[in-house]
Amino acid sequence: MAFELPELPYEYEALQPFMSKETLEYHHDKHHKAYVDNGNKLAAEAGMEGKSVEEVVKASFGKNAGLFNNAAQHYNHIHFWKWMKKGGGGKSLPARLQKAIDSDLGGYDKFRADFINAGTTQFGSGWAWVAVRDGKLEISKTPNGENPLVHGGDPILGVDVWEHSYYIDYRNARPKYLEAFVDSLINWDYVLERYEAATK
Ligand code: FE2
């Protein structure tokens, strides 16, 4: 199936003041759309237009950089929009997720510090992640469009640290953006949904 740009699961103003309407308009309508359009063109050229986005990401990694970058960024952004919600973030986690963070990541405060640190220390464009690998949670960071799918993991939470994700609202203050993401934006219900799917 061809890649399609999903609609945002909330209004463009919904995440203010932590993420502006202007950021979402550029990030979703321009950047994500370009990944979809370029991904479709390159997938067709590679004879992979019938494959799912996950299949294209895994098959193109290390083999077709142009296709991989666009397909992986399409995958990452599909989930990124859903990893945020109005009134999200903070310490009120679903019990099952809290338990996994306590046992695998050393508790909420350590998760918060380590996740923000991963995003802050990713040099240049990329992502910070929480993924399930071999049944356990782990925090990682990746450059550009790369994601845990190509490293044997199943991402359950990710934050975009490309400048297009924060520069309008935070300028160069990437740590402030990451703190706002964790404290005020994370949609823990969607993280739980991803966790349950990854640990079935
Ligand atoms: Fe992005």
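The values are calculated or read from the model by the stated rules, or taken from the named source; none is laboratory data. As the structure is a computational prediction, the values presented were derived from the model and not from experiment. Cβ: placed from backbone, ideal geometry, glycine included. Neighbour counts: every protein chain shown. Just the protein is used for accessible areas: all its heavy atoms, side chains included, with ligands, DNA and RNA removed. Shrake-Rupley method; radii C 1.70, N 1.55, O 1.52, S 1.80 Å.
Scanning the stretch 19-40 for residues that are more than 14 Å from the ligand (Cβ to nearest atom) and open to solvent by less than 40 Å² (accessible area, probe 1.4 Å) gives a single hit, 20. Of the residues making up the stretch 138-179, those that are within 16 Å of the ligand (Cβ to nearest atom), crowded, with 16+ Cβ neighbours inside 10 Å and part of a helix (DSSP H, G or I) are 165, 168, 169, 170, 174, 177, 178. Is it true that residue 75 is more than 12 Å from the ligand (Cβ to nearest atom) and either closer than 14 Å to residue 181 by Cα or not charged (D, E, K, R) (or both)? Against the criterion (more than 12 Å from the ligand (Cβ to nearest atom) and either closer than 14 Å to residue 181 by Cα or not charged (D, E, K, R) (or both)), residue 75 does not qualify. State whether one or more residues within the stretch 127-136 are within 21 Å of residue 36 (Cα to Cα), within 16 Å of the ligand (Cβ to nearest atom) and open to solvent by 30 Å² or more (accessible area, probe 1.4 Å). No, the stretch 127-136 contains no residue that is within 21 Å of residue 36 (Cα to Cα), within 16 Å of the ligand (Cβ to nearest atom) and open to solvent by 30 Å² or more (accessible area, probe 1.4 Å). For residue 16, the criteria (1) among the polar types (S, T, N, Q); (2) surrounded by fewer than 14 Cβ atoms within 10 Å (Cβ to Cβ); (3) more than 23 Å from residue 143 (Cβ to Cβ) hold in every case but one, which is (2).
Restricting attention to the stretch 76-122, the residues being among the small types (Gly, Ala, Ser), open to solvent by less than 70 Å² (accessible area, probe 1.4 Å) and assigned to a helix (DSSP H, G or I) number 4. Would you check which residues across the stretch 180-192 are in a helix (DSSP H, G or I) and surrounded by 15 or more Cβ atoms within 10 Å (Cβ to Cβ) and list them? Of everything in the stretch 180-192, those that are in a helix (DSSP H, G or I) and surrounded by 15 or more Cβ atoms within 10 Å (Cβ to Cβ) turn out to be 180, 181, 182, 183, 184, 185, 188, 190, 191, 192.
Among the residues of the stretch 30-68, those that are of a type in the set (D, E, K, R) and not in a helix (DSSP H, G or I) comprise 49, 51, 63.
Output the residues belonging to the stretch 94-110 that are out of contact with any strand residue (DSSP E or B) (no Cβ under 7 Å at 6 or more places or on another chain) and without any contact (Cβ under 8 Å) to a residue 60 or more places away in the chain. Quick ask: steps written out before the conclusion?
Start the filter on the stretch 94-110 by keeping residues that are out of contact with any strand residue (DSSP E or B) (no Cβ under 7 Å at 6 or more places or on another chain), which leaves 94-99, 102-103, 106-110.
Selection gives 95, 98, 99, 102, 103, 106, 107, 108, 109, 110.
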